[in-house]
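As structure tokens, the structure follows; a few thoughts come after it.
The values are calculated or read from the model by the stated rules, or taken from the named source; none is laboratory data. Treat the numbers as computed from the prediction; the structure is a model and nothing was measured. Reconstructed Cβ throughout: ideal geometry from the backbone, glycine too, with neighbour counts over all protein chains shown. Accessible surface is based on the protein model in full, side chains and every heavy atom, while ligands, DNA and RNA are left aside. Shrake-Rupley method; radii C 1.70, N 1.55, O 1.52, S 1.80 Å.
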Amino acid sequence: EAGVTQFPSHSVIEKGQTVTLRCDPISGHDNLYWYRRVMGKEIKFLLHFVKESKQDESGMPNNRFLAERTGGTYSTLKVQPAELEDSGVYFCASRRAGGSYNEQFFGPGTRLTVL
Amino acid sequence: GNSVTQMEGPVTLSEEAFLTINCTYTATGYPSLFWYVQYPGEGLQLLLKATKADDKGSNKGFEATYRKETTSFHLEKGSVQVSDSAVYFCASWMDSSYKLIFGSGTRLLVRP
């Protein structure tokens, strides 16, 4: 079974540019999460999809961030326009359906550097 | 709100030394607790977990016990190896929120 994949692994852009991160969850996992770790601090929750619906987007920092999951398969996270403070590692995770805890499987992360 | 606090690193040890990484949590209830590990160049991997008080999670020689009275979930290993060098994250989960709350991570460096 393939794990969670993320693309690109590393992105370097200039302030004001747009970047789109992609996450492919484990096949059949309805739940998809985005997290990020900024400047060596804690990993923070951004949002949670159940299939194509946003279950919880309370962690999205501002309206420069847009996440989509059309068709309930892969997800994209767009940052437009990027700011310096957006630099960090963006992790995606997926989890199979179920109300109580099931393990979240994480991707390798995308390291975003905004110059 | 819910939060997780873990000791700051980096932690530098010699091979075969004893490891403790402290983790405490605050929660409005009884969360499940986890330790995740990120090896260099890789993604986060679940290391161990405990879902209720007094449970002990263990894996690869690492152990952590869910202590409700001290709201702690300290990670321990009796004899570390160079291959254990990584960043370790403590995390909590509440069924009501469906999301993981992470600590800031502790970098462990084990020297030969």
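Comparing Cα centroids, segment A:69-115 and segment A:3-20 end up 11 angstrom apart.
May I ask you to compute the full-extension gain from A:Asn63 to A:Gln17, defined as 0.36 nm times their residue separation minus their alpha-carbon distance, rounded to one decimal in nm?
Working: separation 46, 0.36 × 46 = 16.56 nm, distance 1.49 nm.
Length gained, A:Asn63 through A:Gln17: 15.1 nm.
Peptide A:26-39 shows a mean partner chain C-beta count of 1 within 10 Å per residue C-beta.
Partner shielding of B:4-10 amounts to 1, given as the average count of beta-carbon atoms from other chains within 10 Å of each residue beta-carbon.
I'd like the FRET efficiency for A:Lys54 and B:Leu109, computed as 1/(1 + (r/R0)^6) with the beta carbon distance as r and R0 of 45 Å, rounded to 0.05. Please list the in-between numbers first.
Numbers: r = 39 Å, r/R0 = 0.87.
Approximately 0.70, to the nearest 0.05.
The residues of segment B:19-34 occluded by other protein chains by 10 Å² or more of accessible area, set against the chain on its own, are B:Phe34; surface from heavy atoms, 1.4 Å probe. About its Cα centre, the dipole of the protein assembly as shown is roughly 220 debye, where the only charges are +1 on Lys and Arg Cβ and -1 on Asp and Glu Cβ.
Each of A:Leu21, A:Ala2, B:Gln81 was scored by the projection of its Cα onto the charge dipole of the protein assembly as shown, and the greatest displacement toward the positive side belongs to A:Leu21; charges sit on the C-beta of Lys, Arg, Asp and Glu. As a size descriptor, the averaged projected area of the C-alpha convex hull of segment A:72-115 was calculated at 4.3 nm². Measuring nothing but protein heavy atoms, the accessible surface of chain A at 1.4 Å probe radius is 48 percent carbon and sulfur. Going through the cross-link list A:Lys44/B:Lys49; A:Lys15/B:Lys99; A:Lys44/B:Lys77, which pairs have a Cα-Cα distance over 21 Å in this structure? In this structure, A:Lys15/B:Lys99; A:Lys44/B:Lys77 lie more than 21 Å apart at Cα. Which number comes out as Rg/Rh for the protein assembly as shown once both Rg and the Kirkwood Rh are worked out on C-alpha atoms? Ratio value, two decimals: 0.97. Each of B:Asp95, B:Asp55 has its accessible area taken with a 1.4 Å probe; listed largest first, they run B:Asp95, B:Asp55. A:Leu115 exposes around 120 Å² of accessible area when a 1.4 Å probe is run over every protein chain in place.
Tell me which GluC sites (Glu not before Pro) from segment A:74-114 have a DSSP coil assignment and no more than 15 other beta carbons within 10 Å of their own.
Working: sites: A:Glu83, A:Glu85, A:Glu103; in loops: A:Glu83, A:Glu103.
Sparse-neighbourhood loop GluC sites (Glu not before Pro): A:Glu83, A:Glu103.
Note on B:Thr28 and B:Thr71: the extension gain reaches 14.3 nm, defined as 0.36 nm multiplied by sequence separation minus the Cα-Cα distance.
Computed from the alpha carbon atoms alone, the convex hull of chain A holds 96 Å³ per residue.
Contact order, relative form, for chain A: 37 percent (alpha carbon pairs under 8 Å, 6 or more residues apart, mean separation divided by residue count).
Counting only protein heavy atoms and a 1.4 Å probe, segment A:1-69 has 55 square angstrom of accessible area per residue.
Let me know the shape class of chain B, please: from the alpha-carbon gyration tensor, a ≥ b ≥ c as square roots of the eigenvalues, rounded when a/c is under 1.5, otherwise prolate if a/b is greater than b/c, or oblate. Present the calculation step by step, with values, prior to reporting the outcome.
Working: a/c = 2.04, a/b = 1.70, b/c = 1.20.
Note, shape of chain B comes out prolate.
Per residue of peptide B:43-50, the mean number of Cβ atoms on other chains within 10 Å of the residue Cβ is 4. When accessible surface is computed with a 1.4 Å probe, chains A and B are found to bury approximately 1700 Å² between them, both chains counted.
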